[in-house]
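Let me begin by presenting the structure, written as structure tokens, before commenting on it.
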Amino acid sequence: MAGTIPILDGHNDTLTRLFPPADDTSCGIDDRRGDGHIDLVRARQGGLAGGFFAIFIPSLGEGTSHEITANDGTTLEAGCFEPLDHAPARAQAESVLDRMEAMLEGAEDRIRLVRTVADIEQCMVDGAMALILHYEGVEMLSEDLSELEADYARGLRSLGPVWSRSNAFAHGVPFAFPCTPDIGPGLTSAGKDLVRRCNDLGIMLDVSHMNYRGFMDLAGLTNAPIIATHCGVHAICASSRNLLDDQLDLVRESNGIVGVNFHVGFLRPDGANDEETPLSVIADHLDYMVERMGIEHVALGSDFDGALMPAPLGDCAGLPSLMDVLANRGWSDESLHALGTGNWLRVLRDTWA
């Protein structure tokens with residue numbers, strides 16, 4: 001039974017893989033012949049009904065290791081990335097939007113850009129992939145937010161103010177293990193304006209990659225559920241990218257949701273980037289969150305096409321294997337359906353205008 005459950009996934013970087021900066025062609029998602037983690041052939045095999053497709057502007061060059069100081073005074077080494085300028089980031093985002101729209105044209109029977117929960121539900125009835133447009137880091141937006149309403153009209157329904165680098169709106173956590181996410185200051189003035197404007201428009205805000213103080217600032221401002229599309233449990237894996245218990249509590253109190261990230265370095269207690277990681281480790285994070293927050297606040301947020309997956313999962317075709325692990329742990333069909341799609345649909349009804 002578990003293998004038949006449809007999945008709405010919290011995060012992927014497939015658009016970045018399909019449409020890299022140097023590529024001006026329109027690539028297809030129908031069958032990537034084993035490349036990456038998502039295509040429509042493997043999605044049907046794995047029950048992947050749709051998800052949040054991120055437009056992410058890659059950093060220039062490799063991240064460099066720096067000595068940083070956490071807010072508690074602890075000093076550690078972390079992988080840091082330099083900020084990006086708005087103009088080239090905007091141009092690249094426009095390029096991806098153009099190529100995405102070309103890919104979707106005439107493909108309504110297979111994949112659709114969705115703007116409402118009703119759109120997602122119709123996709124599931126029709127067997128078409130539901131594509132929710134997401135910005136991961138908002139370097140493509142000006143500080144005055146002059147492009148935001150036009151992007152909303154174009155289909156943007158979700159954004160994370162930062163990736164793991166600072167910008168005009170907030171401060172992202174650097175990649176570090178073991179490390180607290182309590183590094184650096186909170187939202188800037190522009191970042192607070194962004195939260196308010198997204199609330200007004202009904203654009204979902206994603207706290208993944210935000211540092212602790214930014215998370216807390218957003219939690220104090222937003223009138224929508226707090227959502228982390230692709231994070232893990234810091235108490236299990238002490239990565240800077242994972243959430244502390246008090247953050248999980250605030251997600252629960254806001255009627256929000258956390259999508260569990262499948263990247264092995266954010267799952268394993270030793271923080272190792274080792275693909276020989278059993279699916280039981282994903283289940284451990286899910287069980288912890290369910291115990292802390294309740295089943296209604298837990299979902300999946302794979303980070304497909306942007307992270308190192310556990311070998312027993314492989315790609316989106318392997319999703320039934322994860323559901324089987326949970327079923328074998330005693331998860332009911334009702335809980336698996338809530339994890340797969342029900343919780344995301346609820347939180348989007350509460351968030352989208």
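Every read-out reported here was derived from the displayed coordinates using simple, explicitly stated rules and does not represent laboratory data. Computed from a predicted structure; not experimentally measured. For neighbour counting, all protein chains shown are included, and Cβ atoms are generated from backbone atoms with ideal geometry for every residue, glycine included.
At a glance:
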read-out	value
Between segment 44-122 and segment 331-353, the alpha-carbon center distance in angstrom	22
Computed [θ] at 222 nm, deg cm²/dmol, the chain (DSSP H ≥ 4; -39,500 (n - 2.57); rounded to nearest 500)	-10000 deg cm²/dmol
5 angstrom amide H check on residue 175, placed H, neighbours 5+ away	79
Extension reserve of the residue 200-residue 121 stretch, reckoned as 0.36 nm per residue once the Cα distance is removed	26.1 nm
Other-chain or far-sequence residues with amide H under 5 Å of residue 298's (modelled H)	258
Calculated FRET efficiency for the pair residue 321/residue 101, C-beta based, R₀ 22 Å, to 0.05	0.05
Solution diffusion estimate, µm²/s, Stokes-Einstein, segment 166-313, Kirkwood Rh from C-alpha pairs, 37 °C, viscosity 0.692 mPa s	214
Stretch in the chain that is longest and holds no GluC sites (Glu not before Pro) that DSSP places in a loop and that have at most 16 other beta carbons within 10 Å	144-274
Span-rule helices in the chain, defined as complete DSSP H runs reaching 24 Å or more along the axis (Cα) with Kyte mean at least -1.0	86-104
Computed Kirkwood radius, in angstrom, where 1/r is averaged over Cα pairs of the chain	20.0
Projected label distance in nm at residue 329 and residue 66, using a 7 Å step from Cα toward the beta-carbon	3.7
Long-range amide H partners of residue 229 with built H, under 5 Å	207, 208, 259
13 Å beta-carbon shell around residue 135, net charge (K/R +1, D/E -1)	-4
Residues 175, 262 arranged by fewest to most Cβ contacts within 10 Å	175, 262
Chain lengthening between residue 143 and residue 77 when straightened (0.36 nm per residue, less Cα-Cα)	20.7 nm
Rounded to 5, the percent of DSSP beta bridges in the chain classed as antiparallel	20
Fully extended contour minus Cα-Cα distance, from residue 291 to residue 193, at 0.36 nm per residue	31.8 nm
